[in-house]
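The values are calculated or read from the model by the stated rules, or taken from the named source; none is laboratory data. Only a predicted model underlies this, so the values are computations on that prediction, with no experimental measurement involved. Please note: Cβ atoms are built from the backbone with ideal geometry, for glycine as well, and neighbour counts cover all protein chains shown.
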C-alpha cells in the first residue's frame, strides 16, 4: 500500500474544510447588517410563541420518549445495514451475533409496546 491511496480522501477533506472556512469568512461580508425586531424573534411557524405549554402545564414527556424510541430504532437499522451488505462474507459467528442483537431490540420494542409507549393520545 503506497502513500497515494489516501490522496483522494485528503483532497476531499481539504476541499470540505476549505468550503467551510470560506462560508464562515464570507458570511459577515455579504450578509445584512441591519437587525430589526422581527429578525431577533424566534420563528415558530407563524404562530406566536407562548411562554407556557398549552393548558399551563409542562410539556408531556411522551414527546421526548417518542423521539428517543425513534433514535433507538434508527440506530438498529444503522447496525443492520452493514450486516445485510456483507452477509455472505461474515460467517456463522456474525449471524449469531445479529440474531442476538435483533432479539435484544425486539424485547425492548415489545416492552415499549406493552407499556403503551407507541400509543399517541
Do any residues in region 89-104 that are free of Cβ contacts under 8 Å to residues at least 40 places away in the same chain have Cβ atoms under 6 Å from those of residues that are assigned to a helix (DSSP H, G or I), where the two are at least six apart or on different chains, and which pairs are they?
98/83
What is the residue count in region 7-41 for residues that are surrounded by fewer than 10 Cβ atoms within 10 Å (Cβ to Cβ) and assigned to a loop (DSSP other than H, G, I, E, B)?
6
Quick check: is even one residue across region 93-103 surrounded by 11 or more Cβ atoms within 10 Å (Cβ to Cβ) and under 21 Å from residue 66 (Cβ atoms)?
no
Positions within region 80-121 being closer than 30 Å to residue 63 by Cα and part of a loop (DSSP other than H, G, I, E, B), in sequence order:
116, 117, 118, 119, 120, 121
From (1) modelled with pLDDT under 85; (2) out of contact with any helix residue (DSSP H, G or I) (no Cβ under 7 Å at 6 or more places or on another chain), pick out the condition that doesn't hold for residue 83.
(2)
